[in-house]
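To start, the structure itself, in structure tokens.
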Amino acid sequence: MPNIQKLIAVLGATGRQGGAVVSALQQNGRFRVRALTRNPDKHPTLGDEVALADFNRPETLKAAFAGAHGVFLVTNSWEAGTDEYSQALAAVAAAKAAGVQHVVWSTLPNVEAITGGAIDVPHFTAKAKVGRVVSEAGFAHHTFVIAPFYYQNLIGVMAPKKLPDGTAGWALPLDPDRRVMHMGDIDELGRVVAGAFARPDIAGHGEHLPLVGDFLTFNEIVAILNRQGHRLSFKQVPREVFAGWFPGADGIAAMLAYFEAHTYLGSDSRDEIALADKVAGRQPTPFATWARGNFAPTAAG
């Protein structure tokens, strides 16, 4: 019999997560990839196929999923005006109507449930609540992948800045001696997703697969970077002070408070991490290795 490649439709194919998934699926060799984007004309070679999908136009999702065996589903927390729950509901309904067999949903821990409502991290909890919708939709297979705290954040939105004492580094409302950061190279999430599609026997029944390359304190992060020739520091600041520094700082402060109290993943996830590594087929890159190749000296200020 011919080896017929299963078609996987990938939402957010121009983003960090979706792009990583497209790449990993193509490298896997078992799948054809339909890259989904709001602007297919701008990305004609993104996948084996490129098609229109726009969460703000739910009617585009039916054709986007037609004929697909699997769908990788991710929503963008940071896009202005985004209602992730409504977007995901529409996508799940469209996938079910299209006869999709396997949905992989990119989720995060339910901070509302973990903290009993004491801490509000909306973009975590909103993604987590979609999990029940995916579970109850009746797909033949479904999987939850969990993106970590991106290593890339430390050269992007959370890059070190010049501090009042003249040093470069971070000033955050976080105990730098507490090991709370489940971290990873987001470009490696695709291997977990591709592995889940390839091995639904071990990862297609609602398993949670967190990508974790390292689990560090902030002082350990700083020490690793300084051993590599940087000159960085960390200053712990009160949450209420940090929350007033810039628009949205209160939300970041709440997220870091959740990390400090419960860790990024919110629980002991060693078994889930081990399964994710097995499904991916290799160990994720540790922070020190990633930093050596990506943390440019100019990033230290």
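The values are calculated or read from the model by the stated rules, or taken from the named source; none is laboratory data. Everything numeric here is computed off the predicted structure, so don't read it as measured data. Cβ placement follows ideal geometry from the backbone for every residue including glycine, while neighbour counts extend to all protein chains displayed.
Taken over segment 264-279, residues that are surrounded by fewer than 22 Cβ atoms within 10 Å (Cβ to Cβ) and in contact with a helix residue (DSSP H, G or I) (Cβ under 6 Å, 6 or more places away or on another chain) amount to 1. Inclusion of residue 17 among residues that are closer than 20 Å to residue 146 by Cβ and polar (S, T, N, Q) is warranted. Restricting the first member to segment 229-255 and to residues that are within 23 Å of residue 168 (Cβ to Cβ), and the second to residues that are polar (S, T, N, Q), the beta-carbon pairs closer than 8 Å and six or more apart or on different chains are 231/167; 232/167; 232/226; 233/167; 234/219.
Criterion applied to 55, 65, 72 was being surrounded by 13 or more Cβ atoms within 10 Å (Cβ to Cβ), of a type in the set (Phe, Trp, Tyr), under 18 Å from residue 133 (Cβ atoms) and modelled with pLDDT under 95, and the one residue passing it is 55.
Can you tell me which residues in segment 213-259 are assigned to a helix (DSSP H, G or I), modelled with pLDDT under 95, of a type in the set (D, E, K, R) and exposed (fewer than 15 other Cβ atoms within 10 Å of the Cβ)? Correct list: 240 only.
Of all residues in segment 281-291, those being surrounded by 13 or more Cβ atoms within 10 Å (Cβ to Cβ) and either farther than 9 Å from residue 184 by Cβ or more than 20 Å from the chain's Cα centre (by Cα) (or both) number 5. Residues of segment 155-204 that are assigned to a helix (DSSP H, G or I), of a type in the set (Asp, Glu) and either loosely packed, with under 15 Cβ neighbours inside 10 Å or in contact with a Cys (Cβ under 9 Å, 6 or more places away or on another chain) (or both): 201 alone. Of all residue pairs spaced 6 or more apart or on separate chains, those with beta-carbon atoms under 6 Å, a first member in segment 16-31 that is under 17 Å from residue 51 (Cα atoms) and a second member that is assigned to a helix (DSSP H, G or I) are 21/190; 21/193; 23/190; 25/194; 31/25.
Of all the criteria given as (1) touching a helix residue (DSSP H, G or I) at 6+ places or on another chain (Cβ under 7 Å); (2) buried (at least 16 other Cβ atoms within 10 Å of the Cβ), the one not satisfied by residue 85 is (2). Check whether at least one residue in segment 84-105 is under 20 Å from residue 254 (Cβ atoms), in a loop (DSSP other than H, G, I, E, B) and of a type in the set (Gly, Ala, Ser), and report yes or no. No, segment 84-105 has no match at all. Please verify whether segment 66-89 includes one or more residues that are of a type in the set (A, V, I, L, M), touching a Pro at 6+ places or on another chain (Cβ under 6 Å) and farther than 18 Å from residue 192 by Cα. Scanning segment 66-89 turns up no residue that is of a type in the set (A, V, I, L, M), touching a Pro at 6+ places or on another chain (Cβ under 6 Å) and farther than 18 Å from residue 192 by Cα.
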